[in-house]
1. Based only on other Cβ atoms within 10 Å, what is the fewest-to-most ordering of B:Y120, A:Y166, B:Y143?
2. Based on DSSP H runs of at least 4 residues, each adding -39500 (n - 2.57), what is the mean residue ellipticity at 222 nm of the protein assembly as shown after dividing by all its residues, to the nearest 500 deg cm²/dmol?
3. Dividing the convex hull volume of the Cα atoms of segment A:2-202 by its residue count, what figure in Å³ per residue is obtained?
4. Could you grab the Rg to Rh ratio for segment A:65-158? Cα atoms only, Kirkwood for Rh.
5. Starting at 0 and stepping by 5 Å, how many percent of the alpha carbon pairs of segment B:6-55 end up in each bin?
6. On a C-alpha basis, how far is the centre of segment A:1-54 from the centre of segment B:116-154 in Å? Whole number, if you could?
7. What is the spin-label model distance, in nm, from A:D177 to B:L145 if the labels are put 7 Å beyond Cα along the C-beta direction?
8. For segment A:108-198, compute Rh as the Kirkwood radius over C-alpha pairs and then the Stokes-Einstein diffusion coefficient at 4 °C and 1.567 mPa s; write the answer in µm²/s, rounded to an integer.
Amino acid sequence: MAEIVARDIPDGAYVNLGIGQPTMVADYLRPDSGVVLHTENGMLGMGRPATGDEIDPDLTNAGKQPVTELPGASYFHHADSFAMMRGGHLDVCIMGAFQVSATGDLANWSTGAPDAIPAVGGAMDLAIGAKQVFVMMSLFAKDGSPKLVPECTYPLTGRACVSRVYTDVATFAVGADGVRIVETFGISVDELTTRLCMPLVSSPFT
Amino acid sequence: MTALIMEAAEAVAAVKDGDTVLVGGFGMAGMPVELIDALIAHGAGDLTIVSNNAGNSDTGLAALLAAGRVRKVVCSFPRQADSWVFDGLYRAGKIELEVVPQGNLAERMRAAGAGIGAFYSPTGVGTPLAEGKESRVIDGREYVLEFPIRGDVALIRAHVADRMGNLVYRKTARNFGPVMATAAAVTIAQVSSIVDVGELDPEVIVTPAIYVNRLVSV
């Protein structure tokens with residue numbers, strides 16, 4: 001999945017990779033792609049994870065893991081870092097999700113459980129800030145229920161912000177026109193339509 | 001006035017019961033650990049703490065929380081694998097929590113420091129965190145009105161200061177420091193070293209001394 005996402009990132013793009021699974025996308029970016037990674041704690045030009053003597057407690061990513069800097073890297077404070085997102089300067093951000101709606105609503109910060117401690121971090125800022133928001137998730141929850149839904153039932157992170165959903169069985173484009181299948185992996189359009197309980201448009205062109 | 005150089009205990013004596021204290025750092029990067037330890041020893045209580053997280057493990061902010069000095073935490077991400085001190089207090093109803101999206105948290109402090117009365121942000125529109133807030137459509141896009149967060153005191157960590165209080169930071173440890181320095185009535189910076197005036201290149205100073213009141217070398 002990470003490899004497929006990496007393939008869809010335009011050369012030279014400024015990209016934010018969310019915590020967890022999206023960080024794996026970095027492993028599949030071509031070194032000559034010119035893609036620059038942003039980390040919201042205040043850096044452009046983030047390199048690979050730091051190991052051994054490279055580990056510096058003053059140089060971490062948004063997941064607070066030690067990372068390295070690449071030539072051309074820059075540092076900035078939090079207000080500048082989020083102005084960069086909110087101001088529409090980031091090309092792509094990649095996040096995980098609990099649910100995505102057919103029109104691109106994103107729910108990835110709270111399951112709404114009454115005893116949960118709410119925590120949002122930078123997800124709401126990223127959701128509305130990047131020019132394109134890609135989501136990586138399994139298409140079905142452990143109980144078999146779809147996570148791509150007509151309308152989100154979990155509390156929203158952002159409205160109409162997701163453009164692509166990459167899953168283990170298919171890639172979808174979502175937006176005002178609804179859900180379009182971009183690519184499937186070992187599953188038929190009929191089966192997807194049945195299991196998702198919503199109309200899907202298949203398109204081999206994009 | 002140029003910054004006063006003093007010991008941590010003397011510096012944090014500026015904190016009074018009931019104060020709002022801005023605490024820098026993102027995880028341990030930029031966390032002013034020695035100033036927090038001094039604040040615990042100082043004893044001020046009933047505090048509102050504004051920071052990105054709500055303490056990790058049993059040290060730093062978590063120790064301040066465990067000592068029962070904090071009435072309310074304003075942060076973006078309190079729930080972490082090792083945030084058991086906050087978790088316990090929250091579930092016991094012994095601490096208030098205001099969750100603020102990370103970018104709004106930074107911008108609300110920036111607004112306080114820049115003399116902005118309030119601002120319209122697109123972050124959080126349509127989510128539970130915008131409920132009850134004024135909103136407005138500008139050029140076809142919906143925004144939510146957000147108000148400044150002002151601190152009585154800011155505790156931040158920078159890398160090097162000169163004796164006036166000009167600051168430079170190190171890598172991603174910069175994070176909230178420059179914004180918090182502008183947003184508090186009294187800003188206390190802990191630094192690794194203090195150099196003579198003129199030794200820092202004016203082109204690389206990130207926080208000008210006008211924002212810094214007290215310096216602690218640790």
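We did not get these values from a lab; they are worked out from the coordinates using the rules stated. Quick caveat: nothing in here was measured; it's all calculated off a predicted structure. Ideal geometry is used to build each Cβ from the backbone, glycine not excepted, and the neighbour counts take in all protein chains shown.
1. Working: B:Y120 16, A:Y166 23, B:Y143 20.
In increasing order of surrounding Cβ atoms, one gets B:Y120, B:Y143, A:Y166.
2. Details: 10 runs with 78 residues, N = 424.
Calculated mean residue ellipticity at 222 nm is -5000 deg cm²/dmol.
3. Values: hull volume 27.6 nm³, N = 201.
It comes to 137 Å³ per residue, whole-number rounded.
4. Working: Rg = 15.4 Å, Rh = 14.9 Å.
Result for segment A:65-158 is an Rg/Rh of 1.03.
5. Percent of pairs per bin, in order: 5, 21, 30, 28, 14, 2.
6. 30 Å
7. Once both label points are built, they end up 3.9 nm from each other.
8. Details: Rh = 14.4 Å.
D, rounded to a whole number, is 90 µm²/s.
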